[in-house]
Ligand code: ASP
């Protein structure tokens, strides 16, 4: 049926009005208080999700993890409080967590079935949606720095294995002996997986991926993720962490996301992009969008969680495991560390 111009006009006007009131069209007002230097920023970080419970964790171990997360959060907060970019903040946090053997990234990464450490990482800049990622690297001390070099110095988004390592050498990244990544605890976990004491997706032992998302004083967001993947992985398996849109995504029009969990499900759901898409096209807040996407991922069979930061300064966590190593801070004075659900 043909529509007459008389009816078409109100329809167009209504569509324009809807656009002008949508959160996409309007620059979001910051919900943040400025810090002492007048900067407004927010940051969230994670060190993996899993079945950690208060009962299973000694007070010493718990204190160690809280201190490690607190330190990494402060590293990111300092970058942002001194007017640094979200991109520099997430890089600095992930480098700190890669260097910390408590986490499954960089030193302390889990072992493959063959007893190697194969590292994956990604980074994304919400200003331009530029992204860089690396998969299966074995000799690069800080895979997140290599991911950033791929983003900034190559025409590509994702490099893998020997080629990525050659690119690392050519760009002057720090190269280490593969033994550098070894920790006895992770080696022991591999032996447990091989002897069948742990299942392929034993969330307690295998997760520990790290990530950071931030918004800086200019309202730009960035995300970074780094991991050794899953204990006992083989056949060149790559999870969600370095897959742009699955484990990592950043878009100034929506949010920045870093994920952790059973990567296969996060890839199938397209978790990080899906959360950003919901924020772009609905009026949901970050918590609602993240919870909805985590619920869908859980329905597929996925375990894990996400951290999300929006240009207006929301900084949220969502996870369907009993715990997630996490922390967040903002220019208004928020500074908190958490491990277990409900704290
Ligand atoms: N998502 C990671 C992977 O599947 C693992 C993790 O988060 O711990 O490789």
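Throughout, read-outs are computed from the coordinates displayed, never taken from laboratory work. Computed from a predicted structure; not experimentally measured. For neighbour counting, all protein chains shown are included, and Cβ atoms are generated from backbone atoms with ideal geometry for every residue, glycine included.
Expressed in nm to one decimal, what extension gain is obtained for the pair residue 54 and residue 179 from 0.36 nm per residue of sequence separation less their Cα-Cα distance?
41.8 nm is the gain from fully extending residue 54 to residue 179.
Kirkwood Rh and Cα-based Rg: tell me the resulting Rg over Rh for region 180-296, rounded to two decimals.
My calculation puts Rg/Rh at 1.05.
By count of other Cβ within 10 Å, fewest leading, how are 124, 158 ordered?
158, 124
Please report the orientation-averaged projected area of region 137-178, defined via the convex hull of its C-alpha atoms, in nm².
2.5 nm²
What does region 290-343 give for Rg and for Dmax, in Å, if only its C-alpha atoms count?
12.2, 38
How large is the helix-only mean residue ellipticity at 222 nm for the chain, computed as the sum of -39500 (n - 2.57) over DSSP H runs with n ≥ 4, divided by its residue count, in deg cm²/dmol to the nearest 500?
That comes out to -11000 deg cm²/dmol.
How would 41, 235, 187 line up from fewest to most surrounding beta-carbon atoms within 10 angstrom?
235, 187, 41
Please report, in Å, the Rg and the Dmax of region 223-290, where both are computed over Cα atoms only.
Every Cα atom of region 223-290 included, Rg and Dmax give 12.6, 42 Å.
So how far, in whole Å, is the C-alpha centre of region 272-319 from the one of region 151-183?
When both Cα centres are located, 31 Å separates them.
Report the full-extension gain for the segment residue 37 to residue 74: residue separation times 0.36 nm, less the Cα-Cα distance, to one decimal in nm.
11.7 nm
Report the far tail of the P(r) of the chain, meaning the percent of Cα-Cα pairs longer than 33 Å.
Counting pairs separated by more than 33 Å, the tail of P(r) holds 24 percent.
What FRET efficiency, computed as 1/(1 + (r/R0)^6) with R0 = 41 Å and r the Cβ-Cβ distance, is obtained for residue 253 and residue 192, rounded to the nearest 0.05?
FRET efficiency, residue 253 to residue 192: 0.40.
What does the convex hull of the alpha-carbon atoms of region 259-302 project to on average, in nm²?
2.7 nm²
Rounded to whole Å and sorted largest first, what semi-axes of the equivalent ellipsoid does the C-alpha gyration tensor of region 85-177 yield via the square root of 5 times each eigenvalue?
21, 16, 11
Quote the Stokes-Einstein diffusion coefficient, in whole µm² s⁻¹, for region 116-161, based on the Kirkwood radius over alpha carbon pairs, a temperature of 37 °C and a viscosity of 0.692 mPa s.
For the chosen part, D equals 318 µm²/s.
Counting just the Cα atoms, what span does region 123-230 cover along each of its three principal axes? Round to the nearest Å and put the largest first.
49, 32, 19
Neighbour counts of other C-beta atoms within 10 Å: give me 43, 275 arranged from fewest to most.
275, 43
With Kirkwood's inverse mean 1/r over C-alpha pairs for Rh, give me the Rg to Rh ratio of region 30-152, two decimals please.
1.01
Could you work out Rg/(2.2 N^0.38 Å) for region 72-128, with Rg from alpha carbons only?
Rg over 2.2 N^0.38 Å, computed on Cα atoms: 1.34.
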